[in-house]
Amino acid sequence: MTAPDIEEKPYKIIFEGKGCIGSGKCAEVSQNWGMNLETGLAQAGSHYIDESELEHNIEAARVCPARNGDGVITVVDRRTGEELDTEP
Ligand code: SF4
């Protein structure tokens, strides 16, 4: 998959699917997240997002209870390479 322009989609979502425990919390707070009924795991609609989609994806990362609350969703600012603060 080719990544879209940084200017267009400045944020990248990293989903560590192996750690997902299928709680569905992400899908409750973000329309970018849904549950795959076959695997029982979450899946993201898009892995590259812009400012308008940022807030609810950060919220999804915050509410993810996997890994004792650390979560398995990370949002990265592609311009700086920094992870955004998604702690509760
Ligand atoms: S909130 Fe986390 S553990 Fe729950 S379904 Fe979403 S990614 Fe998986």
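Summary table
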quantity	calculated
Excluding exposed DSSP-loop GluC sites (Glu not before Pro) (at most 16 other C-beta within 10 Å), longest clean stretch of the chain	39-88
Environment charge of LYS12, counting only residues whose C-beta is closer than 13 Å and scoring Lys/Arg +1, Asp/Glu -1	-4
Helix-only [θ]222 nm of the chain, DSSP H runs n ≥ 4, -39500 (n - 2.57) each, per residue, nearest 500	-6000 deg cm²/dmol
Degrees separating the helix 51-63 axis from the principal Cα axis of the chain, which is the longest one	30
With every protein chain in place, the chain: carbon and sulfur % of accessible area (1.4 Å)	46
Under 13 Å from the ARG79 label point (7 Å along Cα→beta-carbon), backbone N, the stretch 38-62	50-52
Diffusion coefficient, µm² s⁻¹, Stokes-Einstein with Kirkwood Rh over alpha-carbon pairs of the chain at 37 °C and 0.692 mPa s	253
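The values are calculated or read from the model by the stated rules, or taken from the named source; none is laboratory data. Please read these numbers as outputs of a predicted model, since none were measured by experiment. We place every Cβ from the backbone using ideal geometry, glycine too, and count neighbours over all the protein chains shown. Just the protein is used for accessible areas: all its heavy atoms, side chains included, with ligands, DNA and RNA removed. Shrake-Rupley method; radii C 1.70, N 1.55, O 1.52, S 1.80 Å.
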